[in-house]
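One structure below.
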Ligand code: HPA
Ligand code: ZN
């Protein structure tokens, strides 16, 4: 059974032909809620920044680096991802990385992007917190001015490090408190359960920050429950393993907790053997607030629209109404003010209504 929201105006979804649907989705207003900005570093930019900063890379060419993008699991990806991020040194570098992503996002119809960043990956190498945050923030402000794209930052803690390190990172970021809207939890999941970070998430809550956490990507459904109960997570990043606990699925539906699902990422990191085997359509049909996202687009073979397009190609049973619901979920699951979310949702409805008129 499917659960659908009601559009703000009648939309005859049945009139939208399947060959028109891809174009309609690609041009629709949408939000991206699960993108690691360091995962948007294209190999060409990695080489440009390495040359600019005199950093020597372990790979002789762009092609050699790209050919290393064959991953067997999350950890094999993270090793390459952290190596790529080592070229980022100056405020301009962080700006240029975020700007390159936001430019692509704007061209894909993204009206709201909530960007994850990993400060510890940089502060550990001696890059000051202010350099990281101010460079990223400058690009976000520019995106608002140039395209009206609302871009916000979410500070992620690396879960393979200690909670003390996370607490210290949060303190270091306090001079820039108004530059980010929330905290997240990423990096190696298995063996680093949410409970390890209960205190730092409680502190973030006291500071009025939003809270999200990666859970149920490679880790078990119990990590999702712990992220809800112990971290007070408002969204779950990935969450695809929730189906292993039917009670948890019911709870996620009841509480309307959004899942930021990343189809191409899940294939590249072998969470599912193929896109056709991905459980996203089942999650949607179960009434979960599923959203589509790119995760680390430079590494996983596609930005946001490629994720929507590949998903549709692999699951022809996904209807125009399903795609509308996914797009609407992305807008409504953002941390933007409710009035703005409604405006975006109305724009989405206009877009689909025009598509249905042909
Ligand atoms: N999972 C966990 N940590 C990450 C990811 C991911 O997909 N991408 C970047 N850091
Ligand atoms: Zn992620």
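Tabulated data for the structure shown
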| quantity | calculated |
| --- | --- |
| Filter result for the condition that a residue is within 18 Å of the chain's Cα centre (by Cα) and under 18 Å from residue 163 (Cβ atoms), over 186, 237, 229 | 186 |
| Those residues of the stretch 48-67 which are part of a helix (DSSP H, G or I) and either within 16 Å of ligand 1 (Cβ to nearest atom) or under 19 Å from residue 301 (Cβ atoms) (or both), in sequence order | 62, 63, 64, 65, 66, 67 |
| Unmet criterion (only one of (1) touching a helix residue (DSSP H, G or I) at 6+ places or on another chain (Cβ under 6 Å); (2) in contact (Cβ under 8 Å) with a residue 40 or more places away in the chain; (3) assigned to a helix (DSSP H, G or I); (4) within 18 Å of residue 184 (Cβ to Cβ)) for residue 115 | (3) |
| Unmet requirement for residue 175, which otherwise passes all of (1) touching a residue at least 40 places away in the same chain (Cβ under 8 Å); (2) crowded, with 19+ Cβ neighbours inside 10 Å; (3) over 17 Å from the mean Cα position of the chain (by Cα) | (2) |
| The stretch 123-132: number of residues that are in contact (Cβ under 8 Å) with a residue 12 or more places away in the chain and surrounded by fewer than 23 Cβ atoms within 10 Å (Cβ to Cβ) | 6 |
| Search result, residues across the stretch 15-47 that are over 29 Å from residue 63 (Cα atoms), away from ligand 1 (no atom under 16 Å from the Cβ) and surrounded by 15 or more Cβ atoms within 10 Å (Cβ to Cβ) | 16, 21, 22, 24, 25, 28, 29, 30, 31 |
| Selection count where residues are more than 20 Å from residue 68 (Cα to Cα) and assigned to a helix (DSSP H, G or I), scope the stretch 83-97 | 7 |
| Test for residue 120: is it assigned to a helix (DSSP H, G or I) and within 16 Å of ligand 1 (Cβ to nearest atom) | yes |
| Test: residue in the stretch 272-287 that is surrounded by 20 or more Cβ atoms within 10 Å (Cβ to Cβ), in contact (Cβ under 8 Å) with a residue 12 or more places away in the chain, within 16 Å of ligand 1 (Cβ to nearest atom) and more than 17 Å from the chain's Cα centre (by Cα) | yes |
| Matching residues in the stretch 211-229 - criterion: being away from ligand 2 (no atom under 16 Å from the Cβ) and crowded, with 18+ Cβ neighbours inside 10 Å | 221, 225, 226, 228 |
| Qualifying residue in the stretch 51-60 (condition: free of Cβ contacts under 8 Å to residues at least 40 places away in the same chain, more than 15 Å from ligand 2 (Cβ to nearest atom) and either closer than 25 Å to residue 308 by Cβ or surrounded by 15 or more Cβ atoms within 10 Å (Cβ to Cβ) (or both)) | yes |
| Residue satisfying all of: in the stretch 284-305; in contact with a helix residue (DSSP H, G or I) (Cβ under 7 Å, 6 or more places away or on another chain) and away from ligand 2 (no atom under 16 Å from the Cβ); nearest to residue 36 (Cα to Cα) among these | 305 |
| Sole exception among (1) under 13 Å from the mean Cα position of the chain (by Cα); (2) within 14 Å of residue 240 (Cβ to Cβ) for residue 267, by number | (1) |
| Members of the stretch 68-82 found to be farther than 16 Å from residue 43 by Cβ and assigned to a helix (DSSP H, G or I), listed by number | 74, 75, 76, 78 |
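Only the coordinates and a few stated rules stand behind these numbers; no lab work does. Treat the numbers as computed from the prediction; the structure is a model and nothing was measured. A quick note on method: Cβ atoms are made from the backbone with ideal geometry, for glycine too, and the neighbour counts reach across all protein chains shown.
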